[in-house]
Each structure stands twice: as C-alpha cells, then as structure tokens.
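The values are calculated or read from the model by the stated rules, or taken from the named source; none is laboratory data. Quick caveat, the model's predicted, so the values are computed rather than measured. Note: ideal-geometry Cβ built from the backbone for every residue, glycine included; neighbour counts use all protein chains shown.
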Amino acid sequence: MTAAAAPTIGRADARRNRDLVLRTAMRVFAEEGPEVSIGRIAQRAGVGAGTVYRHFPSKEILVEAVLAEHVAGLARAADRWAARATPGDALFGFLLEVIEKSAGRTQICDALTADQNWPHALLATAGQRFGEALERLLHNAKQARAVEPDVQVADLTALTVGGAAIWSSHRSRTRGARLVRQLLDGLRTTPVTEAGAFRDNSRRHRHETTAAAQLCAECGARLPARGTGRPARYCGPTCRQRGHRRRAAG
C-alpha cells in the first residue's frame, strides 16, 4: 500500500463510521426519544463511544445532524415527486410523505427548538433546501390550478407539523392518516373526495373511483389505465408496501 492510499482508506472508513452512527442515531431517537444516551447509540451501532464523539462532539450536535439529514432527505424526496407525477399529485403526495416520515419525531424537534444555544448552521442549510423544494412544488401546483391560489409555503409547513402530530398521537394510525388526508384535501381547488385521490372504503366511493381516472390509493398519483383485469391500486412498490403497513397497523 502506498503512502497516498493509506489516508484515502482512512477517510473512507471515517465516512462509513459517521454514516453508521448517523443512521443508527436516527433509528434510536425515533424509537426511544431524545433522552437516549450516547453510549446506547454507540452500542446499537456496534462502535465505541469515542467513535461517536469523534464525529459528533456533543449529543446536541448529533441530534441536530439527525434532524438535518431527515430534512435533507425530504428535500430530495420533493425532487423525486416533481419528476414522477403531475404538479398537483406531486405536491400532495410529497406533503403526505413529509407528514408520515415526520410523525414520531416531534420530541426531537421540540428538544432542538427549546434550546436556542444549540448550533443551527447545519439544520438551517437543510431547512433552506427543503423550503426551496416546497416552494417549487407549490408554484407548479398553482400554475396547474391544482391548489388554491392563496396557499403559502408557511401554510404548508404548519400543516405538516400539525399533521405529523395528529398522525403520531392518534390511537389508530389508519384513522390518523385519514384525518391528515382530510386536512390536505382542503387545499385543493377541487376536493379529492370527488376525484378519488384519497381512498374511501365505502361502496359508493369505490364505484365513483372506478368511473373516474384511477389514482394511487396511497399518494394520489395518476395510474395508467388497464384494459383488462383488476384496476391497479398503487403507483409502485413503495406505495404498495406503505399501504400494506398501514392496513396491518390499523
């Protein structure tokens, strides 16, 4: 091994360890809350506490990094929605994904915002990217007349925070999800309960949905028409798995 190759390998190992700690911390914080110790996170990651502190000198910095990664991942999801769905479907499918992924993380968010002395540069950068992505989706949806013209980004941000709290606090995840869909429905220029984007299990609704354009039962994206066989319920494997998990949890 050359002298130049050794530092490169060391940097790659360090990046892997940092990613491992960050992914583990995201799971542990979501499962056990922000009070969990650094030692517990190191144990779950299979590394020593010194490895955690080497990359994240304090627990506050680790919590912020976890939230920043969460927010950055949501910003990337916005780009995926914009590329695969019509403007209205992209906005509402993205909002539903944000709410679902944020449900259960309210304790961490509260802990971070409660202490103004924590470093915020990393989270602020991720938040800016998220805001810009949401602004683009909202602008496109307004251009397509899929959302009420007076809706603002601040309205959507407040809805995602409230929706995540509703979803995580409801005793039934299925009913919590239904309430969230009804909240989002109010932003559309045409209520989705008429178009069938948000699933309703009533016989009448199933009949109306069959007669109208078929939409994904999970995210509301339009589905390709089928000439024969049973109509598709989901746009792809991700929404199919999410729908199955929701039914099992209900």
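Considering L62, L67, L74, the condition of being buried (at least 19 other Cβ atoms within 10 Å of the Cβ) and touching an Asp or Glu at 6+ places or on another chain (Cβ under 9 Å) is satisfied by L74 alone. The condition of being farther than 30 Å from L179 by Cβ, in a loop (DSSP other than H, G, I, E, B) and out of contact with any Pro (no Cβ under 8 Å at 6 or more places or on another chain) does not hold for V36. In the set D155, D150, only one residue is assigned to a loop (DSSP other than H, G, I, E, B), at pLDDT 90 or above and surrounded by fewer than 18 Cβ atoms within 10 Å (Cβ to Cβ); that residue is D150.
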